[in-house]
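Below you'll find the structure, written out as structure tokens, and then a few comments.
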Amino acid sequence: MPAVIVLGAQWGDEGKGKIIDACTPYAKHIVRAQGGNNAGHTIIIGEEEFKLHLTPSGILHPDTQCYIGAGTVLDLAVLLEEWKMLVSRGINLTGRLWISPHAHVIMPYHKLIDQLGEKRKGSQAIGTTGRGIGPCYADKINRIGLRIADLISPDVLKNRLKGILAIKNDELIRLYDAEPLSEETILDELLQLRDSVKSHIAPVDLLLDLGLKNHENILMEGAQGTFLDITSGTYPFVTSSNTSAAGICSGAEVGPTRITHTLGVFKAYTTRVGNGPFPTEVPDSESFLDHHKAREFGTTTGRKRRTGWFDVVMAQAAIRYNGIDSMALTKLDILDELETIKICTSYLIDGKAIVGLPVTPEEWEKVVPQYESLPGWKQSTADIQTIEELPKNARRYIARLEELCDITLTILSVGPARSQTIICQNPFFIQAVH
Ligand code: IMP
């Protein structure tokens, strides 16, 4: 019963969308388990580019069943816009896209509080996407969230919303000096949105379990990345969900004993959007890449991504936290022109090597990354079809990452197109099913 997790092993934007797309031909079921429309997956098929925020990337393969799992938070207006875009581009959603009734709904006050809260934090702002993710998860944990299941009956919804909105309006008025929101307007909008998604609500846990019992492959796609994890990430500069393998299991309601392989997606260098620690960051003025050529702007917010060298200390932690079995390495081609490529192999704090990762932002601030330098290959890798065709120094770079991280490369990406993906071993260890 193979269930494979594909997750980001850095700070998100590792190119998961493309790797998930490459793994989809081997899977019958694809589930997105956590996060919301803070995520953005870009998939390029021929001349077409798709940017998805909530719908599993697997939707672009016509024979898959796709699920938005219990651990997600959904802005229904955004979800419907995305569905409209997909349908207008010929993608059929009927009978193959399902939402868990356990998923939480991002409400208008969540977005407002996210944005007002960030402003209030001033220099301590996280740099959130402003999509209401944190406040929605906070209400979930505080047990004052609204779930997809709560939308089914207008009377139940009205009653729940009344109690919750009283608390939220209090927060808006007292804490943020903002205008209260109208219960009637929210209710009307929610019911309209509910009507459009109703036929897609289904018990995702049971459907996935049935798939497993039928020996059908399940691909569980992560959103964001390991170091944005609320528990193990660079707190407080993190997102509000568990982006780790364990969080993906919980969010998909698939038990960890069912997971047969966890594929970690690493970019050949490192990027991060938003604020927070980044030991191997290279200042923009000295950047080793051209942001436009490298497409290093956030899919969701359009923000320029911060960039730096590959960090083995963090990679080792990501492998530990998630139990990563093998590595997908993306965007190797972006390093094609470089004379020298650096890899961070350890951290010093106050002149002493540290074991594991720092904890507080203050400790992160003190990290002095230690590098080794490898020679670049100074030729294009964009058209290579096998690992053997790679220039010698590119193979050396990959082999060194494998050695330092003690992990095997199974997928390599050398450009945005589907054809620029080399699958040495697919994570299901089978022939494609469609
Ligand atoms: P939030 O998830 O909107 O609360 O933002 C918290 C932090 O996570 C910010 O630094 C965001 O830039 C970052 N973030 C959230 N989602 C993603 C993602 O999908 N890729 C990269 N960074 C993300």
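Here are the numbers:
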| quantity | calculated |
| --- | --- |
| Residues of segment 249-265 that turn out to be more than 14 Å from the ligand (Cβ to nearest atom) and either of a type in the set (A, V, I, L, M, F, W, C) or assigned to a strand (DSSP E or B) (or both), as a count | 9 |
| Complete set of residues in segment 270-314 that are in contact with a strand residue (DSSP E or B) (Cβ under 6 Å, 6 or more places away or on another chain), of a type outside the set (Val, Ile, Thr) and within 17 Å of GLU402 (Cβ to Cβ) | TRP309, PHE310, ASP311 |
| Residue list for segment 1-58, filter: of a type in the set (Val, Ile, Thr) and assigned to a loop (DSSP other than H, G, I, E, B) | THR55 |
| All positions within segment 30-48 that are over 20 Å from ARG272 (Cα atoms) and either within 16 Å of the ligand (Cβ to nearest atom) or within 18 Å of the chain's Cα centre (by Cα) (or both) | ILE30, VAL31, ARG32, ALA33, ILE44 |
| Count of residues meeting criterion [more than 9 Å from the ligand (Cβ to nearest atom) and in contact with a helix residue (DSSP H, G or I) (Cβ under 6 Å, 6 or more places away or on another chain)] in segment 220-242 | 6 |
| Unmet requirement for VAL73, which otherwise passes all of (1) outside any strand (DSSP E or B); (2) buried (at least 23 other Cβ atoms within 10 Å of the Cβ); (3) out of contact with any Pro (no Cβ under 8 Å at 6 or more places or on another chain); (4) hydrophobic (A, V, I, L, M, F, W, C) | (1) |
| Qualifying residues in segment 266-296 (those that are among the small types (Gly, Ala, Ser), farther than 12 Å from GLN10 by Cβ and in a loop (DSSP other than H, G, I, E, B)) - the one farthest from the ligand (Cβ to nearest atom) | SER287 |
| Enumeration of residues in segment 33-59 that are within 22 Å of GLY251 (Cα to Cα), of a type in the set (A, V, I, L, M) and in contact with a strand residue (DSSP E or B) (Cβ under 8 Å, 6 or more places away or on another chain) | ALA33, LEU52, LEU54, ILE59 |
| Meets criteria (touching an Asp or Glu at 6+ places or on another chain (Cβ under 7 Å) and either within 16 Å of the ligand (Cβ to nearest atom) or assigned to a helix (DSSP H, G or I) (or both)) for GLY163 | no |
| Some residue of segment 186-209 being over 20 Å from VAL265 (Cα atoms), free of Cβ contacts under 8 Å to residues at least 40 places away in the same chain, among the aliphatic types (A, V, I, L, M) and part of a helix (DSSP H, G or I) | yes |
| Within segment 121-157, considering residues that are of a type in the set (Lys, Arg) and more than 9 Å from the ligand (Cβ to nearest atom), the one modelled with the lowest pLDDT | LYS121 |
| Qualifying position, being closer than 18 Å to GLY71 by Cα and crowded, with 23+ Cβ neighbours inside 10 Å, among THR270, THR243 | THR243 |
| Evaluation of THR24 against (1) modelled with pLDDT of 95 or more; (2) farther than 28 Å from PRO108 by Cβ; (3) more than 14 Å from the ligand (Cβ to nearest atom) (one fails), failing number | (1) |
| Any hit, segment 366-374, residues being closer than 27 Å to GLN224 by Cα, crowded, with 18+ Cβ neighbours inside 10 Å and aromatic (Phe, Trp, Tyr) | no |
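Yes/no matrix, rows are residues, columns are (1) on the phi > 0 side of the Ramachandran plot; (2) in contact with a strand residue (DSSP E or B) (Cβ under 6 Å, 6 or more places away or on another chain); (3) assigned to a strand (DSSP E or B); (4) of a type in the set (A, V, I, L, M):
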residue: TYR67; (1), (2), (3), (4): no, yes, yes, no
residue: GLU82; (1), (2), (3), (4): no, no, no, no
residue: LEU86; (1), (2), (3), (4): no, no, no, yes
residue: HIS110; (1), (2), (3), (4): no, no, no, no
residue: ARG120; (1), (2), (3), (4): no, no, no, no
residue: SER123; (1), (2), (3), (4): no, no, no, no
residue: THR128; (1), (2), (3), (4): no, no, no, no
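The values are calculated or read from the model by the stated rules, or taken from the named source; none is laboratory data. Nothing here was measured: the structure is a model prediction, and the numbers come from that model. With ideal geometry, Cβ positions are generated from the backbone for all residues, glycine too; neighbour counts draw on all protein chains shown.
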